[in-house]
Structures are given as C-alpha cells and as structure tokens.
Amino acid sequence: MSPSDEARIMAARVEAFVREKIVPYERDPRRDHHGAPTGELVAELRELARAEGVLTPHIKPDGHHFDQRGTALILTKSGLSPLGMLACNTQAPDEGNMYLIGHVGTPRLKERFLTPMIAGRATSAFFMTEPAELNGAGADPSMMITACRKDGNHWVVNGRKCFITGAGSATIGIVMARSEDRDSLGGACMFLVDLPDPAIRITRVPNTIDTATPGGHAEISIENLRVPADQMLGNAGEGFKYAQVRLSPARLSHCMRWLGGCIRAQEIATDYVNRRMAFGKPLIDHEGVGFMLAENLIDLKQCELMIDWCAGVLDAGSLGTAESSMTKVAVSEALMRVADKCVQVMGGTGVTDKTIVEQIFREVRAFRIYDGPTEVHKWSLAKKIKRDWKQANG
C-alpha cells in the first residue's frame, strides 16, 4: 500500500517548514561546547513547529501513529536539516521511546510519561548500552550487567551505562537492567523514571564525531536507584523482547531521517558544482564529478526503496528484525557513500562548516555504528541463513 494522502500532506507541510523556517537557524550560534544545539535553541524551534502544526507530526492528534510508510515520508522531510528533527520532535531517542511506551505502556504510564513527550515538553533517554571495559551490553543486549532486584513495592537498580544519548537534558528515562528476582531471574526489565535523579549520575560526556543531539552521549553510574514497581514498563523478565519492539522500527527511523539529510547534502553539492568553475567549465561538466553525483542519485533512490520495503513489512504486522537489519546495513552504507561524495566534489569547502555537508558526513558515519554496527547485522543475517538452511534440509 502507498502512504495515505494524510501522510503525504503532513510530509509536505514538514518539508516546507524545515526548508523555510528551520534552515536559517543552522548558523545560529547557540551551541554547547560540543557543538550541539542548546536547550534554549531547541525550545525556540519547537515553538515554531507547534505554531505551524508540525510538532510530533508522525503521531496523529488522536494519539495513533501514522503507519511506517507514512512515517517514512514525514521523518525523511524532518531530516532535511539536522535541526529539523529536533524542531519537529522526530529525533532519536525520543521518537523510538515514544513508539515503545505507546506499544507497551499502561494507560497510566502513557499519561504520565508519553503525553508530555508527544507535546514536545519532555525529552528522554534510553539506558541500555554498557561500557566495553565491563564486557557489558552493546550490540548484544543479552550481555547486560546492570542488575535490578525487587525490594517490597520497589525495584532497586545498580550498574553503569555508556553512550546514553541526551541523558544530560532528558526529563524521562527508560532504564534497562537484568533481573535478580527469583520469578524473573536472568531476564531483563525496563523502568520509566523521572530525571534528573540523584541515583543516576553522569560521570563523563565524551566528545564524539556527531553533534546533532543535545546532551551528547553520556557515561552513567546508577547507584541504588529505587523505582516504584508500577513504573516497570511491561512485565518483569521480558525486557529483551521489548527492546526488539523498539529497535526494529528505530533502526528504520534512523534511515528515514538521515536519508533526508543526505538528500539535502546532494542538493548543496549539486548547486556547488554547477556554479564552481575549474579548467574552463563548471565542475559538473567534468566527468569524474558528474559521475559521483549520478552515483549518489542511484544510492538515494535505492535507500528510498529499501526503506519503503521494510516499512511495508512492519506495517504488515511483522517484527521485521531481519528486514530492519538488512535495511540498516544497506541504507547506512549507501548514505555514507553519498555523504562522502558530496564532501569530495565540494573540495575544500566540503570539509568546512560553511555548509551542513560536513556535519551530515559526520552524523552518517556515526549512524553506521549506532543501533548495531554493520558487522553485527551481517553476522545476525548469516545466522539466519544457516538456520533457514537447516530447517529446509532437515
């Protein structure tokens, strides 16, 4: 099925908003020491989006999400500027967290935690990844070391986390921990918590190659965090299952947003090579340059088709784990090629902050790693190939 007319109309509104109202803010100096937009800037952009009726545009006024094909159109348009997704409230990790709470949360938890997120008045962080030196959870969530135990009407959580996006500015957290309780021993639990909380302490915020997300990617210490039992998200011991509920569409959402970013980078590079003269003619007339942008067009179209295919699988009711892995690999690698070629054809200008092309390059390079690096997804797919072969051949 094609995206609905309602989704197409909303996507067109988001595109016009981002291009006309948000792109001029890309030179706004309100940035933190790491280069990410400040909370003041994000709040201003969200008020603009609210006034234009494009705040949280992937969720309808009645609280229902657009289907994945419709969401793809909308999120791609919001990604036309790195600030667009922040302005429209379609950014990670909030978009994925809203999806998870909407699918797993009780009515009470939705009212308390999801409603302010949809309204753009609360931000969130997803506490899953753990430090490599502890051999903790990363691309493999089953290695989780952070533990939780039942204590009366509360759960007590202890552990360490890292690369927790937006933790410094988040007001809501989803904390994932392995259960030590007898009834759910070894399984994972998820908890919704209010932030800041003195038991959740930021120990360091490393500088990273990407700068689109306020608050960066923090390292966290969790010491005797007490969470009321009724703030558990879903059932005890089923957290790994819920992680997949979140991660499959979240991988696809990343593909949608950064497709928008690379479409914009291609536009900027195209304008540059048609205006820049070298050796007596515009750069576009030099075959080596023109061919790179032609290859970009092919990659961008293949990304669009791959996203649409995976969105259709999810819309059909499948968990889509293999499909989202294939799409994440194909799209992240293709968009890296696109961003790299845009930098290359722009020469020295391409590596400066005169345009957003160099930022898109950095953001897409990070995208190849988060939500599972390429190699992990290929390994998972190889295991599926072996498993399917065994089932077919006895």
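Restrict the check to the range 18-33 and report whether at least one residue is in a helix (DSSP H, G or I) and within 26 Å of Cys310 (Cα to Cα). So far as the range 18-33 goes, yes, one or more of its residues are in a helix (DSSP H, G or I) and within 26 Å of Cys310 (Cα to Cα).
In summary, helices (runs of 4 or more DSSP H) completely within the range 306-394 and bearing 3 or more residues that are closer than 21 Å to Ala137 by Cα and in contact with a His (Cβ under 7 Å, 6 or more places away or on another chain) occur at 321-345.
The residues on offer are Asn224, Asn235, and the sole one that is surrounded by fewer than 14 Cβ atoms within 10 Å (Cβ to Cβ) and either under 30 Å from Glu26 (Cα atoms) or among the polar types (S, T, N, Q) (or both) is Asn224. Residue-level analysis places Ala139 among those that are touching a Gly at 6+ places or on another chain (Cβ under 6 Å), assigned to a loop (DSSP other than H, G, I, E, B) and surrounded by 14 or more Cβ atoms within 10 Å (Cβ to Cβ). When the strands (runs of 3 or more DSSP E) confined to the range 165-226 are screened for residues that are free of Cβ contacts under 8 Å to residues at least 24 places away in the same chain and touching a strand residue (DSSP E or B) at 6+ places or on another chain (Cβ under 8 Å), those reaching at least 2 such residues are found at 200-204. Among the residues in the range 319-334, are any in contact with an Asp or Glu (Cβ under 9 Å, 6 or more places away or on another chain) and without any contact (Cβ under 8 Å) to a residue 40 or more places away in the chain? Checking the range 319-334: at least one residue is in contact with an Asp or Glu (Cβ under 9 Å, 6 or more places away or on another chain) and without any contact (Cβ under 8 Å) to a residue 40 or more places away in the chain. Applying the condition of being under 29 Å from Ser2 (Cα atoms) and β-branched (Val, Ile, Thr) to the range 269-315 and asking which residue is farthest from the chain's Cα centre (by Cα) yields Ile298.
Mind listing whichever residues of the range 283-314 are surrounded by fewer than 16 Cβ atoms within 10 Å (Cβ to Cβ) and touching a helix residue (DSSP H, G or I) at 6+ places or on another chain (Cβ under 8 Å)? Passing the criteria: Gly290, Glu295, Leu297, Gln302, Trp309.
Listed here are the residues, each with its yes/no results for (1) over 26 Å from Ser169 (Cα atoms); (2) among the acidic types (Asp, Glu).
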| residue | (1), (2) |
| --- | --- |
| Ser4 | yes, no |
| Asp32 | no, yes |
| Leu75 | no, no |
| Gly102 | no, no |
| Pro107 | no, no |
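A short reminder: the numbers here are calculations on the coordinates, not readings from a lab. Treat the numbers as computed from the prediction; the structure is a model and nothing was measured. Every residue, glycine as well, gets a Cβ built from its backbone with ideal geometry; the counts of neighbours run over all protein chains shown.
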